[in-house]
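Laboratory data are not the source of any read-out in this text; all were calculated from the coordinates shown. It should be emphasised that the depicted structure is a prediction, and the values quoted were computed from it without experimental measurement. For neighbour counting, all protein chains shown are included, and Cβ atoms are generated from backbone atoms with ideal geometry for every residue, glycine included.
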Amino acid sequence: MVSETAEKNPKNKAALFVLYLSMFLVVAGVGIITPLFPFFAKEMGANAFDLGFMIALFSLAQVIAAPFWGRLSDRVGRKPVLIAGLVGYALSYYLLLWSSNLQVLMLARVIGGLLSASAFPSAQAYVADLTSAEKRADGMANMSAASNLGFLLGPALGSLFSIFGIRAAFAIGGSLILVTGILGAVLLPALRIQTSLIKENRNQDPRATWSAMFGRDSTLLWVTMLTSFGSITMYSILGYFMIEKFNAVTSDTAIVYTLMGGISVLLQVFIVSRALKWLGEDFLVISSLLLGVVGFIGLVYAPSLFVLYVWVVVIGASMALSRPAILVALSRRTRLGQGLTMGLQGSFTNFGQVIGPLWAGWAFGFALSVPYWSSVAAYALAIALQFAAYRAVRGVPSFEDKIA
């Protein structure tokens, strides 16, 4: 664990800045291609199911690889695992750039998933190592804000770069991620911090991992999976939904992703930390997921693109509030190393992202609204699980108790 004054160490502050900047650049690279990918896939003859399948392949690769990378970062340190993931992920973008058919496109997504799985868990664990329990909410919120700022700017840049062609946008996205890896390799060695967790987890009992996944303390991981499923089910098919219902073009989808990123940055910079202190992480998870349910239902009945944008902002707010709250709760309660814990969190997240796009692509063929009602059901089940666990462990305080 880190000391109470860890955040005051100038080297720690510099390391946190590098990590935030790294996540910003990585997600900006991702955001550049996200609104363009459905159109690129369509050019190669992909239908809605094919698009969902490719997204699922990426996430399945991350499910398989994330725990391995997380445990490795507990053993050898965060930096080498983080750099390997960034450089490997950048190379997958160049393979995407050179794709000439769906098979190569799918291969690029698998390679990207296997290698990118190391970046986020190791960076999140690094933040946990560098912050005390009291400041961890700020660290996780700042990490999420940096990521969402990248996603806010990425789609706008992608729309701009698409003037030169979609493949040019892929090249720029991959180059941003490669620059991030180089930046980390140059700056992080001098800032590397040897944590006790590396030694403590060299001989971690495998039964502890099994218990964390399926024992009585696994609720947050399953809530993570359900919220991931609900979010990606909406997200993966949103471009096709907009095309079919509103005849949307690339600039319309870019606006959606920009709005989601914008509201996420604002909330995570100015609201999340305060909300966690006032409500606590458990209560914030429940209330933010309820907000998501409202947003999904509103999106189904949106009569125009403008109204759809409003509901997308609501959904973005739900995601912005729930994700840091879940990460903080996991980080504080884990009995494993931070790297392995974040790796398991990544696996549960990505498992939801495997089945979500596959289901969404298949269900979309029956009716445009079916994937979104599935998101409502997944969030509702996550709320029920979290509420039951909250009552069993702590009891649910009344609203009057909260404001007293």
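Below is a table of values for the structure above.
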read-out: Residues with amide H under 5 Å from that of Ala248, placed H, sequence gap 5 or more; value: Ile243
read-out: Burial ordering of Glu43, Glu281, Glu244, fewest other beta-carbon atoms within 10 Å first; value: Glu43, Glu244, Glu281
read-out: Gained length - Ala185 relative to Ser100, 0.36 nm times residue gap less alpha-carbon distance; value: 27.4 nm
read-out: Under the Karplus curve 6.51 cos²θ - 1.76 cosθ + 1.60, θ = phi - 60°, whole-Hz ³J(HN,Hα) for segment 110-117, x wherever Gly or Pro sits; value: 5, 4, x, x, 4, 8, 5, 4
read-out: Order by protection proxy (mean Cβ within 10 Å, highest first), peptides 251-262, 314-325; value: 314-325, 251-262
read-out: Sequence of Asp129, Asp282 once ranked by neighbouring C-beta atoms within 10 Å, starting from the fewest; value: Asp282, Asp129
read-out: For segment 241-319 and segment 140-154, distance of Cα centres in Å; value: 15
